[in-house]
1. What tally of residues in the range 53-68 results from selecting those that are of a type in the set (S, T, N, Q) and either surrounded by 10 or more Cβ atoms within 10 Å (Cβ to Cβ) or touching a residue at least 40 places away in the same chain (Cβ under 8 Å) (or both)?
2. Every residue in the range 40-52 that is loosely packed, with under 12 Cβ neighbours inside 10 Å, within 19 Å of the chain's Cα centre (by Cα) and in a helix (DSSP H, G or I), please.
3. Which of (1) modelled with pLDDT under 90; (2) not in a loop (DSSP other than H, G, I, E, B) is the odd one out, the single condition Val75 does not satisfy?
4. Pairs needed: first member in the range 20-38, modelled with pLDDT of 85 or more; second member anywhere, of a type in the set (Val, Ile, Thr); C-beta distance under 6 Å; at least 6 residues apart or different chains.
Amino acid sequence: MRCGQLTLTPTFWSPKPRNELGAALARWFDDFEQRRRRRRQLDELRRVPAGTLRDIGLDRSELMSVTYGGSAGRVKRGAAE
């Protein structure tokens, strides 16, 4: 839904940037939202029982790197080399 220069999305109001300041604020807001989503994801993963994490191939020590994207070179536990 549009309302003047603001765009209503299901989660927040997002102004359409008209200048460098607006673009910088939009980037900051997007980064802020991404950090919040990742923190929520990490909190949810920390609540998962250790046995369930093992079943999906994770160890509790890997949760931070999985959440923040540092798992590209990760070798799953028990995987043949």
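1. The total comes to 2.
2. Arg40, Asp43, Glu44
3. (2) is the only condition that Val75 fails.
4. What qualifies is Arg38/Thr67.
The values are calculated or read from the model by the stated rules, or taken from the named source; none is laboratory data. Bear in mind the structure is a predicted one, so any value in this text is a computation, not a measurement. Cβ: placed from backbone, ideal geometry, glycine included. Neighbour counts: every protein chain shown.
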